[in-house]
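Take a look at the structure set out below.
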Amino acid sequence: MTDGQFNSRVLRFTANGAFVKSFGTNGTAPGQFKVPHAIGLDSAGRLFVADRDNDRIQIFDQNGRFLDQWTTFGQPSGLFIDANDRLYVAAIGPKSGLAIGSARTGQVEQFLPIPAKDLNGPHLVTADTRGTVYVADLLASDVRKFVRD
């Protein structure tokens, strides 16, 4: 889980809820965060962290060792990785919308602009096994559904 609104860190727990470790501090260097807002795991077990206010996704192994960072998905507020390693990113800010790409390569394959309502914008994202994508804007109390043709 992320503790991003105030502590800029990622926390790891066992399946039973026992604390294992935490990592991260406030900042802009690799392994540092400025509002880590969402996390996900790909099929290889890599941990993706939506480092929202640093406009990047940081990638770690499950022990917190930094592997890579991607800045191609905008200002990520939410992310979801499906069983096929498709990465869905809800982005706020100047590129407000839904970015869809590869969790293996970091390549953005599709971008759907979703204009921000008020000052927020797309905040959370998930997809079902049929490829239907749901994007939520919490402050606007709005959920958008995108259906694959």
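Is it the case that D85 is surrounded by fewer than 19 Cβ atoms within 10 Å (Cβ to Cβ) and either touching a residue at least 40 places away in the same chain (Cβ under 8 Å) or within 12 Å of the chain's Cα centre (by Cα) (or both)? Spell out how you get there, then give the answer.
On the way: surrounded by fewer than 19 Cβ atoms within 10 Å (Cβ to Cβ): yes; either touching a residue at least 40 places away in the same chain (Cβ under 8 Å) or within 12 Å of the chain's Cα centre (by Cα) (or both): yes.
Yes; evaluated as a whole, the condition is true for this residue.
Identify all residues within segment 1-42 that are open to solvent by 40 Å² or more (accessible area, probe 1.4 Å), part of a strand (DSSP E or B) and of a type in the set (S, T, Y); write none if there are none.
S22, T25
Evaluate segment 58-79: report whether one residue or more is part of a loop (DSSP other than H, G, I, E, B), farther than 25 Å from G27 by Cβ and more than 14 Å from the chain's Cα centre (by Cα).
Residues of segment 58-79 that are part of a loop (DSSP other than H, G, I, E, B), as a first pass: 61-65, 71-74.
Pick out the ones that are also farther than 25 Å from G27 by Cβ and you get none.
So far as segment 58-79 goes, no, none of its residues is part of a loop (DSSP other than H, G, I, E, B), farther than 25 Å from G27 by Cβ and more than 14 Å from the chain's Cα centre (by Cα).
Would it be correct to say that A103 is in contact with a helix residue (DSSP H, G or I) (Cβ under 9 Å, 6 or more places away or on another chain) and surrounded by 18 or more Cβ atoms within 10 Å (Cβ to Cβ)? Before the answer, list the steps.
Values: in contact with a helix residue (DSSP H, G or I) (Cβ under 9 Å, 6 or more places away or on another chain): no; surrounded by 18 or more Cβ atoms within 10 Å (Cβ to Cβ): yes.
Answer is no for this residue.
Just give me the residues in segment 100-149 being within 27 Å of I59 (Cα to Cα), modelled with pLDDT under 85 and of a type in the set (A, V, I, L, M), in sequence order.
Result: A116, L138.
The values are calculated or read from the model by the stated rules, or taken from the named source; none is laboratory data. These numbers were taken from a predicted model, which means no experiment stands behind them. Cβ coordinates were reconstructed from backbone atoms using ideal geometry, including for glycine residues, and neighbour counts include every protein chain displayed. Ligands, DNA and RNA are excluded from the accessible area calculation, which covers all protein heavy atoms including side chains. Shrake-Rupley method; radii C 1.70, N 1.55, O 1.52, S 1.80 Å.
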